[in-house]
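Here is the structure we will look at.
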C-alpha cells in the first residue's frame with residue numbers, strides 16, 4: 001500500500017482542509033491501493049485561531065503523527081502543503097527533501113528564487129524526486145489545448161486575482177504550461193499598489209501578458225493564440241483542475257517522475273522575483289536571472 005503523509009505549517013487551512021477529500025476521491029476512482037496515513041504540522045493551529053492538529057486529524061480520519069520524522073519514516077510519499085506562506089517552505093521541506101521519497105510541494109514552491117534553488121539542490125543531493133504546481137496548470141481546457149496543439153503558441157494572456165506573492169503562481173503555471181520556459185525579460189506597468197501588469201518576452205516574436213487585480217471582482221481568465229492571429233479562451237474550472245492535479249500527484253508518487261520540470265518551477269520564481277522589482281520601475285525591461 002502507498003502511504004501518503006501530509007506536512008504543513010498548520011493543518012487548518014483551505015488546501016489541507018480539502019486536499020484529503022480530493023486525493024481520496026482520486027484514489028477511489030482509480031482503484032489504487034493507497035491511503036493518507038499520517039499528518040503533522042509545525043504549529044498546533046493557525047495564528048488567528050482555528051482547529052488544532054489533533055481535532056483536524058480526527059475530523060479528517062488521518063492518524064496524527066508525533067513528529068515530522070515519524071511521517072517521513074512511516075510514509076512512502078509526502079505532501080508539503082503550507083500554501084498560505086511560501087517563505088516557510090524551505091524550512092518545512094528540509095527533512096522531506098532529504099528523505100529520498102517523492103515530495104509534492106504545494107504552490108508557491110519557495111519564497112524566492114534563491115530559496116528554490118537551494119531546495120532543488122538539497123533534493124538532488126539526496127536523490128529526492130520533487131514536484132510542485134498550482135492546480136490551475138491542470139485546467140482541463142489547458143490540457144486539451146496542449147494535446148491539440150503540439151507547437152508552442154505565439155501568445156498567452158492571463159488575468160487573475162489576489163496578491164503577487166500568494167497568487168501569481170496560478171497564472172504563471174498556465175503561462176509556463178503553454179509557452180514553456182525561455183523568458184528573456186519582463187516589464188511592469190504602473191496600475192496601482194494592488195495591481196500587477198506584466199509583459200513577458202520570450203524572444204522570436206513570442207509574448208505573454210499577465211494581469212493581477214485584487215479580489216473579489218477578478219476571476220481567472222486565460223487566452224492563447226497559436227499564431228498571433230487566431231485565439232481561444234481557456235476556461236478555469238475547479239470541477240476538473242483539482243481532480244486532474246490529484247491524478248498528477250498520484251502518478252508522481254507511484255513513478256517518482258515529476259510532471260513539471262525544475263526549470264519551469266524556477267523560472268516561475270524568477271518571474272515573481274523580477275516582478276517585485278519591476279513594479280517599482282514601471283515601463284522598464286528587466287532581464288530574468290539565469291536558472
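Here the simple spin-label model places points 7 Å from the Cα toward Cβ, and for residue 230 and residue 254 these points are separated by 3.6 nm. Helix 113-125 versus the longest principal axis of the chain: what is the Cα-based angle in degrees, 0 to 90, to the nearest 10? Compared with the principal axis, the helix lies near 50 degrees. The order of the peptides 229-236, 181-188, 61-68 by mean Cβ neighbours within 10 Å, most packed first, is 181-188, 61-68, 229-236.
By how many degrees, 0 to 90 and rounded to 10, does the Cα axis of helix 238-255 deviate from the longest principal axis of the chain? Around 60 degrees separate the two axes. From largest to smallest, the equivalent ellipsoid semi-axes obtained for segment 226-279 from the alpha-carbon gyration tensor read 26, 21, 13 Å.
With viscosity set to 0.890 mPa s and temperature to 25 °C, compute the Stokes-Einstein D of segment 2-128, Rh being the Kirkwood radius across alpha carbon pairs; µm²/s, no decimals. Please report the intermediate quantities before stating the final value.
Working: Rh = 14.7 Å.
Rounded to a whole number, D works out at 167 µm²/s.
Tally the DSSP beta bridges in the chain and give the antiparallel ones as a percent, rounded to 5.
Values: 23 of 50 bridges.
Taking every DSSP beta bridge with both residues in the chain, the antiparallel ones total about 45 percent.
Structural descriptor for segment 2-128: relative contact order 27 percent, calculated from alpha carbon pairs under 8 angstrom and at least 6 residues apart.
Compared with the dominant principal axis of the Cα atoms in the chain, helix 262-278 is inclined by about 60°. The average projected area of segment 58-211, computed from the convex hull of its Cα atoms over all directions, is 11.6 nm². Using alpha carbons only, how many angstrom separate the centre of segment 72-134 from the centre of segment 212-291? Taking the Cα centre of segment 212-291 as reference, the centre of segment 72-134 is 19 Å away.
Provide the gained length on full extension for the span residue 166 to residue 91, in nm with one decimal, where the gain is 0.36 nm per separating residue minus the Cα-Cα distance. Result: 25.2 nm gained on full extension.
Anisotropy class assigned to segment 71-127 is oblate, per the alpha carbon gyration tensor with a/c at or over the 1.5 cut-off and a/b no larger than b/c.
Provide 53, 196 in ascending order of the number of other Cβ atoms located within 10 Å of each residue's Cβ, fewest first. Display every interim value, and only then the final one.
Working: 53 20, 196 24.
With the fewest neighbours first, 53, 196 line up as 53, 196.
Extension gain for residue 84-residue 67 works out to 4.0 nm (0.36 nm per residue, less the C-alpha to C-alpha distance). Maximal additional length on extending the residue 218-residue 33 stretch stands at 62.6 nm, based on 0.36 nm per residue less the C-alpha distance. Just to be sure I understand the curve: with the Debye formula and one point per C-alpha of segment 179-291, what is log10 I(q)/I(0) at q = 0.10, 0.15 Å⁻¹? Taken in order of the listed q values, log10 I(q)/I(0) reads -0.39, -0.87.
Each value in this text was obtained by applying a stated rule to the coordinates, not by laboratory testing. Remember, predicted model here, so these are calculated numbers, not experimental data. Don't worry about glycine lacking a Cβ; one is built from the backbone with ideal geometry, like all the others, and counts go over all protein chains shown.
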